[in-house]
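What follows is a set of notes on a single structure, which appears directly below.
The values are calculated or read from the model by the stated rules, or taken from the named source; none is laboratory data. Worth saying up front: this structure is predicted, and the values here are computed from it rather than measured. Neighbour counts run over all protein chains shown; Cβ positions are idealised from the backbone, glycine included. Ligands, DNA and RNA are stripped out before the accessible areas are found, and what is left, the full protein with its side chains, is counted by its heavy atoms. Shrake-Rupley method; radii C 1.70, N 1.55, O 1.52, S 1.80 Å.
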Amino acid sequence: MAEKAPIHKHADADGQFRRKASQFRDFISSAPDSKFPPEKDRYALYVNYGCPWAHRANLVRSLKGLEPIIQLIICDFELTKEGWLFTGRDGSDKKDPLYGFTRMQDLYKKADPEYQGRFTVPVLWDKKMETIVNNESSEIIRMFYSEFDSLLPEHLREDQKPGGGFYPKNLQKEIDAMNDWVYNTVNNGVYKTGFATTQDAYEANLYPLFESLDRLEKHLGEPGHHPYLFGEHITEADIRLYTTMIRFDVAYYNIFMCNLKMIRHDYPRLSRWLRNLYWDGGKTVNGHAFKDTVYFWTFKYGYLRAKGRNEPDEKLVVPKGPLPDIQPLDDDKMTNGH
């Protein structure tokens, strides 16, 4: 029997995984001449529950209390030959509620019939102009921080938050610097490790990943860097790291072979930081957004599909461990490391 061709080729010819840049880069802005002004019910956020980049946007939508203002549309987290689909399974809509599409690529083609890039999530869609505003998660979350604040209650506005909000001016240089190395070696580092197709490519990304985790562990032990990465208040740096760390032990450790160490056993400060966010231990966030946007089984299943490149009708055996998916906030076996 001929070997089954893989659905997706994640790595380049040299075995390295290289993420392509997002192509829709407009902004929602409250400026008077804005092409995309903030308006209630005008925009929709397309995500799936498995993707960490989409998770960022969904998380900030919840943290900011934007649920009544920006519609959330869910596609399936199972990546197929045709990309992301609307299937009605696992939280997905049966079809795109705006246009009846069954594939995310149809939405991209509606925005630009000549589009040749990847059909990724998240997507921030303008229902009035019927186009994609932006499909880059790092930019979408910054729009969400403040551009809709005039439509929100005062306590949810950035200028009313202790510490200056999620991207405070006095910390922007430090946050940007951390974002840069965390993105390259951690957020994207797990993908470069997990999708490597040669031993050299795998090890070239595995060791920098754990060097950066060691660096984060040290950072959290320094004065002014706990309980969150930059002190008493949650910032963008915490949000961007969280969506990778919450997937680490349950998916990246085993499925992506990022298995030199585990967060829960080998990084006490990072583990405490992660649990504090998940369980809302600091009582500083809007509701339980960090916990309520997490779907552990989805992470395992989705990455098994992506890593194994299996056909959608094949049944996967999904690992049960580790148990629990995340440890309790106050685990007697853990120390906060401070």
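Among the listed residues K161, K127, which satisfies the condition of being among the charged types (D, E, K, R), farther than 24 Å from R247 by Cβ and modelled with pLDDT under 95?
On the way: K127 fails: modelled with pLDDT under 95.
Result: K161 is the single residue among K161, K127 that is among the charged types (D, E, K, R), farther than 24 Å from R247 by Cβ and modelled with pLDDT under 95.
Report, by residue number, each residue of region 218-258 that is among the hydroxyl-bearing types (S, T, Y) and on the phi > 0 side of the Ramachandran plot. Scanning region 218-258 gives no hits.
Restricting attention to region 113-129, the residues being farther than 22 Å from S30 by Cβ and either touching a residue at least 12 places away in the same chain (Cβ under 8 Å) or not in a loop (DSSP other than H, G, I, E, B) (or both) number 6.
Does A237 meet the test of being over 24 Å from F144 (Cα atoms), under 20 Å from the mean Cα position of the chain (by Cα) and either crowded, with 21+ Cβ neighbours inside 10 Å or without any contact (Cβ under 8 Å) to a residue 12 or more places away in the chain (or both)? Answer is no for this residue. Contact map, region 158-187: residues that are at positive phi paired with residues that are outside any helix (DSSP H, G or I) and crowded, with 16+ Cβ neighbours inside 10 Å, Cβ distance under 7 Å, separation 6+ or inter-chain. Pairs shown: G163/H233. Scanning region 64-100 for residues that are in a loop (DSSP other than H, G, I, E, B), closer than 25 Å to Q116 by Cα, of a type in the set (A, V, I, L, M, F, W, C) and touching a strand residue (DSSP E or B) at 6+ places or on another chain (Cβ under 8 Å) gives C75, W84, F86, L98. Somewhere in region 231-242, is a residue hydrophobic (A, V, I, L, M, F, W, C) and over 22 Å from Q172 (Cα atoms)? No, region 231-242 has no match at all.
Quick check, is L98 within 16 Å of R61 (Cα to Cα), more than 18 Å from the chain's Cα centre (by Cα) and surrounded by fewer than 19 Cβ atoms within 10 Å (Cβ to Cβ)? Against the criterion (within 16 Å of R61 (Cα to Cα), more than 18 Å from the chain's Cα centre (by Cα) and surrounded by fewer than 19 Cβ atoms within 10 Å (Cβ to Cβ)), L98 does not qualify. Within region 302-316, if we keep just the residues that are at pLDDT 70 or above and surrounded by fewer than 20 Cβ atoms within 10 Å (Cβ to Cβ), the residue that is farthest from H233 (Cα to Cα) turns out to be K315. For region 110-130, the count of residues that are open to solvent by less than 60 Å² (accessible area, probe 1.4 Å), under 17 Å from Y301 (Cα atoms) and in contact with a strand residue (DSSP E or B) (Cβ under 6 Å, 6 or more places away or on another chain) is zero.
Only residues that are modelled with pLDDT under 95 and either within 26 Å of N184 (Cα to Cα) or among the polar types (S, T, N, Q) (or both) were counted in region 11-45, giving 16. Restricting attention to region 36-61, the residues that are open to solvent by 20 Å² or more (accessible area, probe 1.4 Å) and in contact with a Ser or Thr (Cβ under 8 Å, 6 or more places away or on another chain) total 4.
Within region 69-95, if we keep just the residues that are of a type in the set (A, V, I, L, M) and open to solvent by 40 Å² or more (accessible area, probe 1.4 Å), the residue that is modelled with the highest pLDDT turns out to be L72. Those residues that are in contact (Cβ under 8 Å) with a residue 24 or more places away in the chain, touching a Phe, Trp or Tyr at 6+ places or on another chain (Cβ under 8 Å) and among the aromatic types (F, W, Y), I need them from region 38-94; list them, please. Correct list: Y43, Y46, Y49, F77, W84.
Identify the residue in region 165-221 that is in a helix (DSSP H, G or I) and of a type in the set (V, I, T) and, among all such residues, is farthest from C258 (Cα to Cα).
Within region 165-221, the subset in a helix (DSSP H, G or I) is 169-187, 189-194, 199-220.
Going one step further and asking which of them are of a type in the set (V, I, T), we end up with 175, 182, 185-186, 190, 193.
Details: I175: 25, V182: 15, T185: 12, V186: 10, V190: 7, T193: 7 Å.
Taking the candidates together, the pick is I175.
Selection of region 38-63 for residues being in contact with a strand residue (DSSP E or B) (Cβ under 8 Å, 6 or more places away or on another chain) and under 17 Å from Y242 (Cβ atoms) yields V47, Y49, A54, H55, A57, N58, R61.
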